[in-house]
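What follows is a set of notes on a single structure, which appears directly below.
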Amino acid sequence: MKLPDLAEDPRVAAAIARALDEDVGTGDATTLALVPPDRLATGEILARQPCRVAGGAVAAAVLRAVDPAVVCETVIAEGGEAAAGDAIIRFRGPAAAILTGERTALNFMQRLCGIATLTGRFVAAVREFGTLILDTRKTTPGLRVFEKYAVLCGGGAN
């Protein structure tokens, strides 16, 4: 399965910018008050339960949108299977950027992993019949590009 490169889609950058603006606006007050600008941090996003991975690339793009100095490493590829407790992505960089972007990154990942996981269950349920699981246009406003991507990660088709 060849996944589209979300980094090449201008709708993705625009949606990330809107999400960050909605979540943190001009800045995360706690982080601005308590985290020195030169403090570095590392972190990872872990699967809380078994899932089909989708959105790691989006989470990384969110963190880099806050600060391009954040370096992200994919541990489990998009469309891969994660067990509970598995690291999906790891990142390092300015602590303030990581703390500012982590909630938005997680919100995208949770939604996309959920869609991919459910899609994967439907794909597995009908595999023996040669049936193709397709998405529809019934997507959440503003999130279509992400949700259709997650369907692909789950083994479905657009």
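Tabulated data for the structure shown
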{"read-out": "For LEU46, residues with placed amide H under 5 Å, excluding near neighbours", "value": "ILE88"}
{"read-out": "Other-chain or far-sequence residues with amide H under 5 Å of ALA157's (modelled H)", "value": "ILE133, LEU134, ASP135"}
{"read-out": "Helix axis angle, 95-126 relative to the chain longest principal axis, alpha carbon, degrees", "value": "10"}
{"read-out": "Convex hull projection area averaged over all views, segment 54-109, Cα basis, nm²", "value": "3.5"}
{"read-out": "Shape box of segment 81-147 [Cα atoms, principal axes, largest first, Å]", "value": "50, 30, 13"}
{"read-out": "Helix 56-66 vs. the chain, principal-axis angle (Cα, 0 to 90°, nearest 10)", "value": "20"}
{"read-out": "The chain: angle of helix 144-153 to the longest principal axis, Cα-based, in degrees nearest 10", "value": "60"}
{"read-out": "Over segment 110-158, volume per residue of the alpha carbon convex hull, in Å³", "value": "59"}
{"read-out": "More than 20 Å apart - percent of Cα-Cα pairs taken over the chain", "value": "50"}
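Bear in mind that the values in this text are calculations on the coordinates, not laboratory data. As the structure is a prediction and not an experimental result, all values here were calculated from the model.
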